[in-house]
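Peer 1: Pasting a structure here, questions to come.
Just so you know, all these numbers are worked out from the coordinates, no wet-lab data involved. Everything numeric here is computed off the predicted structure, so don't read it as measured data. Cβ sites come from the backbone with ideal geometry, for glycine too, and all protein chains shown count toward neighbours.
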Amino acid sequence: MNQTERVKQMLRTRRAVCATSFLAVNMPAARNRVGDLRRKDWVIDSKHRCQDANHEHDTYQIEYRLISEPGAGQQSMAMG
Ligand SMILES: [Zn+2]
């Protein structure tokens, strides 16, 4: 699985993925992959700060949330 596929999988299977989670699986460039996906019409939210109590971030960490992906048509995913 290449990095882009890995990023897709993480976004699909988790409520939110922060930079630390990408680093934990050796993907420091995940942010760039998110940019690639956005150019391919993936809608990925990065407006929220990571709230994962287990992470204990010292600094502000953006978390990424998959809103919709191409092929999902007009159907919008329910947002928790
Ligand atoms: Zn985090």
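Peer 1: Which values, in whole Å and largest first, are the semi-axes of the equivalent ellipsoid of the chain obtained as the square root of 5 times each eigenvalue of the Cα gyration tensor?
Peer 2: Working: eigenvalues 87, 48, 21 Å².
Each semi-axis is √(5λ); the values are 21, 15, 10 Å.
Peer 1: Relative contact order of the chain: what whole-number percent is it, with Cα pairs under 8 angstrom and at least 6 residues apart?
Peer 2: Values: 87 pairs, mean separation 25.9, N = 80.
Once divided by the residue count of the chain, the mean separation gives 32 percent.
Peer 1: Taking H placed 1.01 Å from N in the peptide plane, check which residues at least 5 places from Ile67 or on another chain put their amide H under 5 Å from its amide H.
Peer 2: Residues meeting the amide H criterion: Val43, Ile44, Asp45.
Peer 1: Here's a follow-up. Stretch Ile67-Val43 to full length: gain in nm at 0.36 nm per residue minus the Cα-Cα span?
Peer 2: Numbers: separation 24, 0.36 × 24 = 8.64 nm, distance 0.53 nm.
Fully extending the segment from Ile67 to Val43 adds 8.1 nm.
Peer 1: If you plug each phi of segment 23-29 into the Karplus form 6.51 cos²θ - 1.76 cosθ + 1.60 with θ = phi - 60°, what whole-Hz ³J(HN,Hα) values come out, in order, with x for Gly and Pro?
Peer 2: Karplus-based 3J(HN,Hα) across segment 23-29 equals 4, 4, 10, 6, 10, x, 8 Hz.
Peer 1: Continuing with the same structure: Which listed residue (His48, Ser68, Thr13) has the Cα farthest towards the positive end of the charge dipole for segment 3-79, taking +1 on Lys and Arg C-beta and -1 on Asp and Glu C-beta about the Cα centre?
Peer 2: Highest projection toward the positive end goes to Ser68.
Peer 1: Starting from the amide H of His48, placed 1.01 Å from N in the peptide plane, find each other amide H under 5 Å away whose residue is 5 or more places distant or on another chain.
Peer 2: It is Glu63, by chain and number.
Peer 1: To the nearest 0.05, what FRET efficiency results for Asp52 and Gln3 with a Förster distance of 30 Å applied to their C-beta separation?
Peer 2: Details: r = 22 Å, r/R0 = 0.73.
That gives a FRET efficiency of 0.85.
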